[in-house]
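Okay, so here's the structure we're looking at.
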Amino acid sequence: MKNISKVLVAAAVIVIASATSSFAQVSATATATATIITPITITKVTDMNFGNIAVLSSTSGTVVLAAAGTRTTGGSGGVTLPSTTGTVAAASFTVAGAVGFTYAITLPSSATLTDGSSHTMSVGSFVSSPSSTGTIGSGGTQTLSVGATLSVSAAQTPGIYTSSTAVPVTVNYN
């Protein structure tokens with residue numbers, strides 16, 4: 001009788017164990033999806049140009065070129081902007097990518113302009129429109145304009161000054 005009880009108890013344990021183990025593991029499935037979007041690009045349209053600048057011999061100054069392409073003098077008044085302005089333009093870029101996506105704008109901290117000799121001027125305080133984040137428009141593009149501040153030394157040597165290296169503007173999807 002003891003043996004029969006032991007066999008019945010062992011059988012009950014096996015039945016219970018197999019019943020609970022069949023419900024202890026279940027499965028479900030999921031679908032994997034990926035969406036490839038249009039890569040973001042930036043293309044230069046217009047170079048930055050501060051135009052004609054007249055320098056006072058004893059005082060340094062600055063020329064502030066707004067992202068809208070307008071310019072003003074700053075600093076201690078060491079420069080004037082003659083009525084013959086020359087070419088004045090903020091840098092302009094076309095940003096293209098996926099419609100409706102936002103992107104971050106990274107501007108350079110500084111740049112150096114040189115006349116090809118030993119004379120230089122520095123450019124800094126870069127600004128843009130849009131200012132720090134843009135949105136790709138319904139046509140898949142947006143215009144990005146960039147201005148900056150040019151520092152002019154007292155008695156700056158006359159000449160045409162250009163950047164000695166490219167002035168990088170970087171965009172990246174948010």
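Find how much the distance from Thr85 to Ser132 grows on full extension, using 0.36 nm per residue of separation minus their present alpha carbon separation; answer in nm with one decimal. Intermediate results must be reported in sequence, preceding the final value.
Working: separation 47, 0.36 × 47 = 16.92 nm, distance 2.93 nm.
14.0 nm is the gain from fully extending Thr85 to Ser132.
In a shell of Cβ-Cβ distance under 14 Å around Gly147, excluding Gly147 itself, what net charge do Lys and Arg (+1) and Asp and Glu (-1) give? Please list the in-between numbers first.
On the way: positive: Arg71; negative: Asp47.
Overall, the nearby charge balance is 0.
[x] 38, 37, 33; [y] 82, 38, 24; [z] 121, 35, 26: which one is Cα extents along the principal axes in Å as calculated from this entry?
The value computed from this structure is option [z].
Expressed in nm to one decimal, what extension gain is obtained for the pair Ser125 and Thr35 from 0.36 nm per residue of sequence separation less their Cα-Cα distance?
Details: separation 90, 0.36 × 90 = 32.40 nm, distance 3.79 nm.
Result: 28.6 nm gained on full extension.
Count charges around Val88 for me, please; just the other residues with Cβ under 13 Å from its Cβ, Lys/Arg as +1, Asp/Glu as -1. Mind showing how you got there, number by number?
On the way: positive: Arg71; negative: Asp47.
Within the 13 Å Cβ shell, the charges total 0.
What length, rounded to one decimal in nm, is gained on full extension from Ala24 through to Ser164, with 0.36 nm per residue of separation minus their alpha-carbon distance?
Working: separation 140, 0.36 × 140 = 50.40 nm, distance 7.03 nm.
Length gained, Ala24 through Ser164: 43.4 nm.
Taking 45 Å as R0, compute the FRET efficiency from the Cβ-Cβ separation of Ala98 and Ser57 and round it to 0.05. Before the final figure, lay out the partial values.
On the way: r = 53 Å, r/R0 = 1.18.
Result of the calculation: an efficiency of 0.25.
Quick note: the coordinates plus some simple rules give every number you see, no bench work behind them. Please read these numbers as outputs of a predicted model, since none were measured by experiment. Don't worry about glycine lacking a Cβ; one is built from the backbone with ideal geometry, like all the others, and counts go over all protein chains shown.
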